[in-house]
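What follows is a set of notes on a single structure, which appears directly below.
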Ligand SMILES: Nc1ncnc2c1ncn2[C@@H]1O[C@H](COP(=O)(O)OP(=O)(O)OP(=O)(O)O)[C@@H](O)[C@H]1O
Ligand SMILES: [Mg+2]
């Protein structure tokens with residue numbers, strides 16, 4: 001059977017094709033899932049042919065060329081080298097790309113080059129960077145077209161955002177927004193996408209195409225491979241490698257055909273138009289909604305372009321979607337609706353508002369989270385600075401108050417209501433009152449209290465022996481003769497005798513359990529009371545010592561005993577040397 005080849009077909013935009021073909025059986029059409037199931041050994045298609053080895057002439061040329069990175073502007077590469085705080089040493093073997101970005105993975109390979117997911121060292125954000133495999137000289141179409149097309153169009157929420165492009169060592173780098181995955185990849189996992197999602201994808205792409213067309217740009221390569229999805233399932237059109245700026249005559253002269261599977265019939269013999277973009281978009285939506293295994297040539301290719309799509313693919317589709325797809329696949333480009341008309345269609349219009357709202361919400365959320373995270377970072381930085389200052393201040397105050405050699409203030413036990421009366425009585429004020437009573441000859445409690453040997457702080461058990469035993473190894477280990485000569489028996493006897501004496505002397509009310517029990521078994525309250533008693537006792541002793549010191553201070557040797565009482569009274573006699581001199585003179589006169 002003779003089958004017309006695509007090249008031999010004469011297509012005019014208005015007339016039907018001048019050949020007739022026998023429609024093939026429906027069974028020749030299949031979904032991608034069916035194709036994979038039929039061929040168990042199905043593998044992914046072979047990688048696209050890419051010229052990876054540059055021509056020798058190109059190597060020579062590029063070797064001569066200045067290898068420093070140069071920013072690509074809308075008018076071509078700029079003369080001033082590209083700068084970045086992270087691109088320090090131009091003589092380093094690493095390129096600008098390697099120095100400024102942390103490369104995470106290769107996320108795609110295309111006919112133009114390799115695409116990397118990277119994190120910028122400048123702002124810590126993630127980006128996709130497309131690097132040309134072949135040197136720029138080897139590209140048939142204008143080498144900067146993709147970057148130029150990106151730059152000549154205003155950013156849009158449904159276009160992959162462009163950041164910058166630069167040239168280094170005769171290779172082009174294009175930095176764009178990093179998306180989650182391509183629609184092609186999503187379809188290969190999901191096969192036929194549910195209609196709800198299809199409407200969202202359709203609306204997003206229609207808005208992207210409308211934005212391009214209203215700026216006199218044709219994409220010329222609309223296909224699932226060049227459509228990207230974000231994590232929030234927002235659809236974005238990317239890859240402007242074949243885009244045509246209708247205002248640029250050079251672009252018009254150097255147009256290239258896009259992927260044959262999505263190609264509008266009139267582009268075979270002519271140049272791409274806005275209507276051909278609409279056709280490619282119609283085929284893309286049909287493929288995503290039905291999982292149709294699109295033909296790249298042959299009879300099926302023509303059938304699709306003559307509205308002969310088997311019914312089995314369309315039967316589950318809603319009427320509205322089917323009508324819109326069929327209108328977009330019209331053979332005659334003049335009969336196809338424009339992007340603007342499609343956006344005005346009632347089925348799309350009713351969903352458009354909700355979709356726009358969702359995208360704005362996502363954008364607001366992203367902006368808010370970015371602002372919040374940067375605000376938090378600033379707050380943390382501010383707090384860390386403040387904390388550092390406070391910590392320094394605290395350390396300096398603390399060291400000034402305590403000083404390196406000064407003793408630490410003694411720990412004051414917590415005051416409980418039960419203890420407070422006793423604590424007050426034993427406080428300095430309380431002890432002052434007690435001293436007043438002493439002066440008034442009222443016997444105070446402490447004065448009658450026997451002096452307590454440290455060994456008496458426990459009960460009547462044999463803990464004294466324990467203490468001695470505990471002391472024994474340390475004394476023996478010290479090795480001193482005097483210590484090792486101390487035998488436990490005399491100490492034990494002495495301790496018992498002292499304790500008996502002390503306990504006998506003690507009045508029953510003084511047999512305070514906190515004084516005679518093992519200090520380790522005391523309650524917190526008892527220990528506090530004991531601590532305070534000892535402290536008061538020490539203070540009283542100190543006071544007495546001070547008094548005694550004054551009393552017992554030996555008078556100067558030169559002072560005769562008869563003057564001592566006067567000295568104590570504070571009436572210190574003054575020595576008058578004149579009198580003494582006068583007395584001496586008298587004596588000598590008398591002698592003479
Ligand atoms: N911004 C991006 N975010 C995520 N993935 C991307 C991005 N850009 C490209 N890719 C991945 O890299 C692959 C190739 O990218 P792209 O289509 O831009 O390259 P290409 O060389 O022009 O390929 P082709 O000519 O076949 O379209 C894409 O299919 C996609 O998987
Ligand atoms: Mg591509």
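Each reported figure results from applying straightforward, stated rules to the coordinates on display, with no laboratory input. Note that the structure is a prediction, hence the values are computed from the model and not measured. As a convention, Cβ positions derive from the backbone with ideal geometry for all residues, glycine included, and neighbour counts pool all protein chains shown.
A few remarks follow.
- Inter-label distance, nm, simple model (7 Å from Cα along the C-beta direction), residue 394/residue 343: 6.0
- Gyration tensor (Cα) of the stretch 175-304, equivalent ellipsoid semi-axes in angstrom: 23, 19, 12
- Cβ-derived FRET efficiency at R0 30 Å, residue 80 paired with residue 247, nearest 0.05: 0.65
- Fully extended contour minus Cα-Cα distance, from residue 197 to residue 257, at 0.36 nm per residue: 18.7 nm
- Remark: spin-label model distance residue 33-residue 311 equals 2.2 nm, labels positioned 7 Å along the Cα→Cβ axis.
- Using the average count of surrounding beta-carbon atoms within 10 Å as a protection proxy, the listed peptides 229-237, 371-379 rank, highest first, as 229-237, 371-379.
- The Cα atoms of the stretch 70-177 give a gyration tensor whose axes a ≥ b ≥ c have a/c under 1.5, which makes the shape rounded.
- Packing-based exposure ordering (other Cβ within 10 Å, fewest first) of 96, 112, 228: 112, 96, 228
- Residue separation of residue 534 and residue 169 scaled by 0.36 nm, minus their Cα-Cα distance, works out to 122.6 nm of gained length.
- Every pair of different Cα atoms in the stretch 317-408 enters the Kirkwood calculation, which places the hydrodynamic radius at 19.7 Å.
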